[in-house]
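Comments concern the structure below.
What follows draws every value from the coordinates through simple rules; no lab data is involved. Since this is a predicted model, take the numbers as computed values, not measurements. Quick reminder, even Gly has a Cβ in these numbers, built from the backbone with ideal geometry, and neighbours come from all protein chains shown.
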Amino acid sequence: MKKIALCAVMALKVFLTPTFIHASSPSELTTVDYDTIIIGCGAAGLGAAHYFREQNPRLSLAVIDASDRTGIGGKCHSVLQEGRPYDLAAILVGSAYDRTYELVGKYKVHLNPVSDIMLAQQIFAPILKQYGIFHTTSAFIKYTYLAYRHGSKNRWNFTDITSDPVRVMSIRDLIDSYQLQPVEKMFSLYLSIFGYGTLDQLPAGLAFDYCSPTVFNTVLHSIPVLNRFSRPTLASIQEGFQGLFECIQGRLAEGTQGKSKVDFIFNTPIDQVAPEAGNVRVSAKDDTWLARRVIVSCPPDLLKLPHLTELERSLLGSLQPQFYGTTVFRTKRPIPCEFYPIWNFKGHESSGIFQKFSDQPIYTSYAYGKPEESADIVECLRGCVRKNFGEEIEILAQRQVRYYPRLSLEEMRRDGFRKLDQMQRDGIYMAGSVISFELVEAVLQSSKYLIMKHFSPPVR
């Protein structure tokens, strides 16, 4: 009887005790269309989608792009000539492009190594002739030590650049302070090819993170026995860079190996991305979506981001876009080179000439200039090929694209990259060349860093 009475009392107590229901956050109460939306189907957007799906195989994900399917890859665009793809933006894969090699292996596209002979002749032979083997070797050993000590463990992430006074020095000051004159020409070529500016405008951290691994692999690959254990200095993607990103998009859209498929929405320019009650509202002209998080991989000036402060808008405004382009051309007789870098180019002059397939006399050239300046670029290219190889050219394709070079060195020293990183908030994140350097490898690295930092599932 005592047990029965005790049970009755406990039941009555539970019945009379008021129940408190803990309200969920607005984002938990609201039904979202997707967990995450990525805006932009270029290298940064598809890279972010790839790494997101690796970390979150079951969460819903959509990628929205303003163009149709021919825009997959963004600036990484290819054209077919005689049945083969030729790139009209990114052209070559460097030996230190770890993220690119990772995707090439996973999505099973093919690399064509580029001969090191012309590259070594153009880079190292003039240096040895000018400075001698002792001075050159001494400078490279000294630079190797500096790169080892001050290089970043997380390459292409410059948020901590001001924590190291050597990394934030200009490359010019680094050369002068440590007597590294023999490596100056190497820096000038590697960095100017990508339009990054002069050596007094760039941080030493960029040299450590970009030039160093490439140079070390170049030296290693030039040694007959050791080259078996190193990647080629340069290689091209047989299917083209756009072909690589089309493979990534196709695999993500299918949803394989236990991973949910990714929705791709094309022909949909986005007007605005804004926080809304703990979620993020993505608005287009004729449609709208609600997501928990959004990654903006397109240039931020193409849409409205009302959550940014005036200071943040000003910082983004300091990233003045420039233009670079590639020209695909043919010669009657083959040019004796696979990759021919050109020293001290300026203006609309070619920075290098590259042959992708050795059995076709079709070549690609890099140059800088706006679309309306394409005629000047072509004239400079004609003169360059005529002067160096004695050949006339036939233009097959040409394309100029807008790119963001970087923050200025002064802005970097004012913690500009850390300020950019602090914009990653309110469920809205940025990826791509805005927060890194305009290079496929750099934007892939920054996309992976973004996903690992903000989108990885919690460790249990």
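Points 7 angstrom from Cα along the Cβ direction at Gln360 and Glu276: gap in nanometres?
Taking the simple label geometry, Gln360 and Glu276 are separated by 4.7 nm.
So between Ile395 and Asp200, what do we pick up on full extension, going 0.36 nm a residue minus the alpha carbon distance?
Once the chain is fully extended between Ile395 and Asp200, it gains 66.6 nm.
Can you order the peptides 140-150, 83-93, 250-260 by their average number of other Cβ atoms within 10 Å per residue, highest first?
83-93, 140-150, 250-260
As an exercise, identify the trypsin sites (Lys or Arg not before Pro) in the stretch 270-368 lying in DSSP coil whose Cβ has no more than 14 other Cβ atoms within 10 Å.
Answer in residue order: Lys285, Lys332, Lys346.
Among Ser436, Ser351, which comes first, then next, by fewest other beta-carbon atoms within 10 Å?
Least crowded to most crowded, the residues run Ser351, Ser436.
Enumerate the amide H contacts of Gly369 below 5 Å, restricted to partners 5 or more residues apart or on another chain; note that Pro and chain-start residues carry no placed amide H.
The list, which skips near neighbours in sequence, is Phe323, Tyr324, Gly325.
By how many nm would the segment from Leu128 to Asp160 grow when fully extended, if each residue of separation counts as 0.36 nm and the alpha-carbon distance is taken off?
So the chain would gain 8.0 nm between Leu128 and Asp160.
Count neighbours as other Cβ atoms within 10 Å of each site's Cβ, and list the GluC sites (Glu not before Pro) in the stretch 311-409 that are DSSP loop with at most 13 such neighbours.
Filter output for the stretch 311-409: Glu392.
Report the FRET efficiency, 1/(1 + (r/R0)^6), for Ser230 and Arg58, where r is their Cβ-Cβ distance and R0 is 45 Å, rounded to 0.05.
Once the sixth-power term is evaluated, E becomes 0.70.
Multiply the residue separation of Ser318 and Lys261 by 0.36 nm, subtract the distance between their alpha-carbon atoms, and state the gained length in nm to one decimal.
Full extension from Ser318 to Lys261 adds 16.7 nm.
Straight-line reach from Lys129: which lysines have a Cα under 17 Å away, not including same-chain ones fewer than 8 places off?
Of all the lysines, those that pass the test against Lys129 - Cα under 17 Å, at least 8 places apart if same chain - are Lys185.
Give the cross-link partners of Lys259 among the aspartates and glutamates, using a straight C-alpha distance below 20 Å as the criterion and excluding same-chain residues fewer than 8 apart.
Partners found: Asp33, Asp35, Glu54, Glu102, Glu246.
How many nm separate the modelled label positions at Lys106 and Ser138, each set 7 Å beyond the Cα in the direction of the Cβ?
4.7
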